Amino acid sequence: SGSAITRIGGGSLGGKAAGLLRVRDILARLDPAEYPGITVDVPTLTVLGTNVFDAFMQRNDLLGVAASDEPDDRMAHAFQKGSLPAEFVGDLRSITNEVRLPIAIRSSSLLEDALEHPFAGVYGTKMIPNNQLDADTRFQRLVEAIKFVYASTYFRGARHHVRSVGQDPERSEKMAV
């Protein structure tokens, strides 16, 4: 399978993206002739590495909010007020300039790598139709969705789950998207 997987920023890809990359590599080694009539592929994806998350958190002074017990809606609002790191915005804008299909903005956290503790459904996912005629509007919806997924790292249910597996959400979790 030759699915395009691109990366914006450095750091980790997180568990979900790393898993998809492994699946793509396994599929590439298979001989399609051995499995006639079966097509399995990994979708095209772009991953924002964990250093984009780190820069977003630090530059917008969100570490205090993340450690607070704010309700989810206030947590999301605080994150929406933040600005994504300028050095990555151009790459994100190019996505909305080129892509007009629906986009799923998915969490890909470091803790999702842990096989002994399932994290399915713990963090937010946003689907955007990405069908607006205006590229600026498509870009704005993408940015809002990324910030929502970042905020979901610290929603009450997510923090409770992370603590239940013996981790500290403010220290041990980093989010790729």
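The values are calculated or read from the model by the stated rules, or taken from the named source; none is laboratory data. Keep in mind it's a predicted model, so treat the numbers as computed, not measured. Here the Cβ is made from the backbone with ideal geometry for all residues, glycine too, and neighbour counts use every protein chain on show. Areas reflect the complete protein model, heavy atoms only, side chains present, ligands, DNA and RNA absent. Shrake-Rupley method; radii C 1.70, N 1.55, O 1.52, S 1.80 Å.
Here the range 144-171 is the region considered, the condition is being in contact with a helix residue (DSSP H, G or I) (Cβ under 7 Å, 6 or more places away or on another chain), open to solvent by less than 40 Å² (accessible area, probe 1.4 Å) and part of a helix (DSSP H, G or I), and the residue that is nearest to N97 (Cα to Cα) is K147.
Of all residues in the range 59-88 being polar (S, T, N, Q) and over 22 Å from V165 (Cα atoms), which is surrounded by the most Cβ atoms within 10 Å (Cβ to Cβ)? Across the range 59-88, the extreme among qualifying residues is N60. Counting only residues that are under 25 Å from P102 (Cβ atoms), surrounded by fewer than 18 Cβ atoms within 10 Å (Cβ to Cβ) and either within 20 Å of the chain's Cα centre (by Cα) or basic (K, R) (or both), the range 23-40 holds 1 of them. Run down D134, D91 and say which single residue is of a type outside the set (S, T, N, Q), open to solvent by 30 Å² or more (accessible area, probe 1.4 Å) and farther than 24 Å from G10 by Cα. Selected residue: D134, the only one of D134, D91 that is of a type outside the set (S, T, N, Q), open to solvent by 30 Å² or more (accessible area, probe 1.4 Å) and farther than 24 Å from G10 by Cα. For the range 100-118, taking the residues that are open to solvent by 50 Å² or more (accessible area, probe 1.4 Å) and at pLDDT below 90, the one that is nearest to L133 (Cα to Cα) is identified as L110.
Residues of the range 19-66 that are assigned to a helix (DSSP H, G or I), in contact with a helix residue (DSSP H, G or I) (Cβ under 7 Å, 6 or more places away or on another chain) and hydrophobic (A, V, I, L, M, F, W, C): V52, F53, F56, M57, L63, V65, A66. For beta carbons closer than 8 Å, sequence separation of 6+ or different chains, a first residue in the range 61-82 that is within 15 Å of R156 (Cα to Cα) and a second that is open to solvent by 100 Å² or more (accessible area, probe 1.4 Å) and not in a loop (DSSP other than H, G, I, E, B), the qualifying pairs are D69/R156; P71/R156; D72/R156.
Scanning the range 41-58 for residues that are over 30 Å from R24 (Cα atoms) and open to solvent by less than 70 Å² (accessible area, probe 1.4 Å) returns a single hit, M57.
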